[in-house]
Amino acid sequence: MHFESPIKRRKSRQIMVGDVPVGGDAPISVQSMTNTNTCDVDATVAQIRAIQDAGADIVRVSVPSMDAAEAFGKIRQQVNIPLVADIHFDYRIALRVAELGVDCLRINPGNIGSDDRVRSVVDAARDKNIPIRIGVNAGSLEKELQKKYGEPTPDALVESAMRHIDILDRLNFQEFKLSLKASDVFMTVAAYRKIADQIEQPLHLGITEAGGLRSGTVKSSVGLGMLLMDGIGDTIRVSLAADPVEEIKVGFDILKSLKLRSNGINFIACPSCSRQNFDVIGVMNELEQRLEDVRTPLDVAVIGCVVNGPGEAKEVSLGLTGGSPNLVYIDGTPAQKLGNENLAAELETLIREQARKKEAADEQLIVKSV
C-alpha cells in the first residue's frame with residue numbers, strides 16, 4: 001500500500017530454476033507440488049496448468065519410478081513452467097529426468113548410493129545447468145541421527161543438511177537450495193535460523209505436513225511468517241492436505257501481508273457488524289471468486305459503514321464505503337454511488353477497469369525506462 005516492507009532479507013547466492021531466479025535480490029518465489037499420479041500425464045498436466053494459472057512460479061512433481069520418469073518427459077513437453085523432479089534413492093531416475101528437461105532435482109545426495117552414483121548425478125546437473133534442492137525432513141532423518149538425538153530436533157535437521165552439503169562441496173557443486181522442514185513450527189523455525197548463517201545458498205521454506213486447508217494455513221502462516229520477518233527465505237511452499245491451487249493462494253497471501261510480493265487484489269475488508277449498510281461478507285465472497293484471475297497488484301477496500309470506510313477508501317486504488325447509498329472512491333476521490341442491488345457485479349467492473357488502467361500505466365513506465 002503506502003510503504004515498503006521493512007524486512008531486510010538475508011543475502012544469498014542466486015540460482016536459476018528454469019527461467020526463475022531464486023535467491024539474491026530475486027522476488028521470493030511461490031511453488032506447489034502435484035498430487036496426481038505422475039504416470040497419468042493428462043491429469044498431471046491439467047493440474048500443473050491450474051497451479052500455474054493460480055500464480056505459481058515453480059511446480060514440483062514426484063518421480064518415484066522409471067515409468068514416472070518417462071511420463072515426466074511427456075509432461076515437460078506440454079507445460080512451460082519450471083519443473084522440479086522429486087526423487088528418492090534411485091540415481092538412475094535423476095539421470096533420466098536430467099535428459100528429459102527437468103529444471104531442478106530434489107534429491108538428497110546422501111541417500112542415492114555410492115560416491116560414483118552421486119558423482120554421476122552431480123556431473124549431469126552441472127553439464128545441463130540444473131540446480132539441486134537438498135530437502136531435509138524431520139520424518140526421514142538418517143537412522144544414526146535418530147539414534148544420536150533420540151528424536152528429531154533442530155540440531156539433528158541441521159546436521160543432516162550439512163552432511164548432504166559436504167558431499168556437494170567435495171564435488172565442487174554450489175548450485176543448490178536447501179529446505180529443513182518439520183511439522184512442528186518451533187523446530188522448523190529454529191532449524192532455519194541455525195542454518196541461515198552457515199551457508200550462502202538460497203533457502204526453501206515450508207512447514208511440512210502442516211494439515212488441512214484451515215489448520216495448515218494457520219500453522220504455515222505462523223511459521224513462515226516468523227522466518228520471513230527475519231529475512232530468511234527465498235522460495236516457499238505451503239504444504240496443505242488440499243487442492244495445490246490453495247497452496248499458491250495462501251503462499252501469496254502470506255507474502256502480500258508482509259509486503260514481500262504482490263499478486264492480484266489485496267482486499268481490505270471489515271468483518272461486518274450491525275452498522276453495515278450492505279452484506280459485506282456476501283459481497284467479499286463473491287468478489288474473491290469473480291476476481292481470482294486478476295494478477296495485477298491492486299489495493300481494494302470494502303467497508304460496510306462510514307466509521308472506518310472513508311479513511312480506508314481514501315488510501316487505496318478503489319474503496320467502497322457503506323451508506324445510503326454506498327460511495328465508491330477511486331484513487332482517494334469520491335467517484336460514484338452504488339445501490340445494494342448487483343453490488344458485487346458493479347464493483348467487479350470498476351475493479352477490472354482500475355486493474356487495466358494500472359497495467360497500462362505500468363507498461364508506459366517500462367517503455368519510458370527502456
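The values are calculated or read from the model by the stated rules, or taken from the named source; none is laboratory data. Note that the structure is a prediction, hence the values are computed from the model and not measured. Backbone-built Cβ (ideal geometry, glycine too); neighbour counts: all protein chains shown. Surface accessibility is based on the protein's heavy atoms, side chains included, excluding ligands, DNA and RNA. Shrake-Rupley method; radii C 1.70, N 1.55, O 1.52, S 1.80 Å.
Please count how many residues of the stretch 15-63 are part of a helix (DSSP H, G or I) and aliphatic (A, V, I, L, M).
So the count comes out to 7.
Restricting to the stretch 300-312, name every residue that is under 28 Å from residue 261 (Cβ atoms), open to solvent by 30 Å² or more (accessible area, probe 1.4 Å) and not small (Gly, Ala, Ser).
Those that are under 28 Å from residue 261 (Cβ atoms), open to solvent by 30 Å² or more (accessible area, probe 1.4 Å) and not small (Gly, Ala, Ser): 308, 312.
Looking at 155, 127, 116 in this structure, which one is surrounded by fewer than 14 Cβ atoms within 10 Å (Cβ to Cβ) and within 29 Å of the chain's Cα centre (by Cα)?
On the way: 155 fails: surrounded by fewer than 14 Cβ atoms within 10 Å (Cβ to Cβ); 116 fails: within 29 Å of the chain's Cα centre (by Cα).
Unique residue meeting the criteria: 127.
May I ask you to verify whether residue 315 is in contact (Cβ under 8 Å) with a residue 60 or more places away in the chain and open to solvent by 90 Å² or more (accessible area, probe 1.4 Å)?
So residue 315 passes the test.
I need the full set of residues from the stretch 64-81 which are in a loop (DSSP other than H, G, I, E, B) and open to solvent by less than 10 Å² (accessible area, probe 1.4 Å), in order please.
Selection gives 81 alone.
For the stretch 257-270, how many residues meet the condition of being in a loop (DSSP other than H, G, I, E, B) and closer than 10 Å to residue 302 by Cα?
Count: 1.
Only residues that are open to solvent by 30 Å² or more (accessible area, probe 1.4 Å) and either touching a Ser or Thr at 6+ places or on another chain (Cβ under 8 Å) or in contact (Cβ under 8 Å) with a residue 40 or more places away in the chain (or both): list them for the stretch 174-190, please.
174, 175, 183, 184, 187
Restricting attention to the stretch 158-173, and to residues there that are in a helix (DSSP H, G or I), out of contact with any Pro (no Cβ under 8 Å at 6 or more places or on another chain) and not acidic (Asp, Glu), which single residue is surrounded by the most Cβ atoms within 10 Å (Cβ to Cβ)?
160
Can you name every residue in the stretch 21-63 that is among the basic types (Lys, Arg) and in contact (Cβ under 8 Å) with a residue 60 or more places away in the chain?
60
Filter the stretch 319-356 for residues that are under 16 Å from residue 295 (Cβ atoms) and surrounded by fewer than 15 Cβ atoms within 10 Å (Cβ to Cβ) and give the result. Please lay out each step first, then the result.
Quick first cut of the stretch 319-356, residues under 16 Å from residue 295 (Cβ atoms) only: 348, 351-356.
Hits for the stretch 319-356 are 353, 356.
Mind counting the residues in the stretch 319-348 that are of a type in the set (Gly, Ala, Ser) and within 31 Å of the chain's Cα centre (by Cα)?
Step one: filter the stretch 319-348 for residues of a type in the set (Gly, Ala, Ser), giving 319, 322-324, 332, 335, 339, 344-345.
Remaining after also requiring within 31 Å of the chain's Cα centre (by Cα): 319, 344-345.
Residues in the stretch 319-348 being of a type in the set (Gly, Ala, Ser) and within 31 Å of the chain's Cα centre (by Cα): 3 in total.
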